[in-house]
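Take a look at the structure below.
FYI, it's all coordinate maths here, none of it is from the lab. Computed from a predicted model, the values in this text were never measured in an experiment. Every residue, glycine as well, gets a Cβ built from its backbone with ideal geometry; the counts of neighbours run over all protein chains shown.
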Amino acid sequence: MGGAQEVAPLLLNKLLVAGERVGRIVETEAYAGAEDPASHAHRGPTARNSSMFATAGTLYTYLSYGIHTCANVVTGPEGVGGAVLLRALEPILGLESMWSDRPGVVRERDLANGPGKLCRAMGIALADDGTDLCDPHSRVRICTDGTPPPGDPARTPRIGISRATSRRWRFVVPGTAHASRPERSGGGNR
DNA sequence: CTTTGGATCGTCT
DNA sequence: GACGATCCAAAGG
């Protein structure tokens, strides 16, 4: 496995499974280790981010703004602290559960078009931190239905951070209606 | 449509 | 004691 910024676009179009719920990943962000000032791993391992330093394929969940759970895929190698934040997905299976866990939502595309919403819709919690996403027996895991990652993912700066804002480490499936923000018109990709 | 501010709490300074 | 890898409702154009 390479660095987080290499893995992030490869996770696009993969399936995230949590119990009976399944969604297709359409938006990711890369966060590196000590070298990345915007990463939780920037200041080294702590009690909160310890699973970020685990082996590749580990789930790292954390509490955001005291309210929301966010989910990351650790990219390894062990001890580095690189991870990919899962920012949005397209609901595939288990829609009934998603609707009931997302009261007030009207449009299907609003079920999981944000990192906090994604965890809520999928039923992923802080307790799932440390899960082995590659183990077929895990409640939360990642697999594929054969759909390859897009050859030309949209690339933008990461959202919601105040440091290292010039790095364009956010990746989106082109044309998706399920990203956290609409496709910007006019295109243009580096 | 865009902008603004409140919610809420664990973690680190 | 301050600050978030966010979300939503409310208010303004």
Between the alpha carbon centres of the stretch A:1-79 and the stretch A:154-179 the gap in Å comes to 15
About the Cα centre of chain A, how large is the charge dipole given +1 on each Lys and Arg Cβ and -1 on each Asp and Glu Cβ? Please answer in debye to the nearest 20. 660
Calculated from backbone phi, Karplus (6.51, -1.76, 1.60) coupling profile of the stretch A:157-172 in Hz, x at Gly/Pro: x, 6, 9, x, 10, 10, 10, 6, 6, 7, 6, 9, 10, 9, 10, 10
For the stretch A:4-172, give the share of DSSP beta bridges that are antiparallel, in percent and rounded to the nearest 5; count only bridges with both residues there. 100
Starting from the Cα of A:HIS68, step 7 Å along the direction of its Cβ; do the same at A:SER138; then give the gap between the two resulting points in nm. 2.2
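What's the extension gain from A:SER50 to A:GLU78 if we count 0.36 nm per residue and subtract their Cα-Cα distance?
9.0 nm
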Pick from A:GLY104, A:GLY114, A:GLY82 the residue whose mean-square fluctuation is largest in a GNM of chain A, springs joining Cα atoms under 10 Å. A:GLY104
Per residue and in Å³, how big is the convex hull formed by the alpha-carbon atoms of chain A? 118
If each DSSP helix of 4+ residues adds -39,500 (n - 2.57) and the sum is divided by the residues in chain A, what number results at 222 nm, nearest 500 deg cm²/dmol? -3000 deg cm²/dmol
Taking springs between alpha-carbon atoms closer than 10 angstrom, which of A:ILE159, A:ILE25, A:ILE67 fluctuates most in the Gaussian network model of chain A? A:ILE67
Among A:LEU89, A:LEU15, rank each residue by its count of other Cβ atoms within 10 Å, from fewest to most, as a rough exposure measure. A:LEU15, A:LEU89
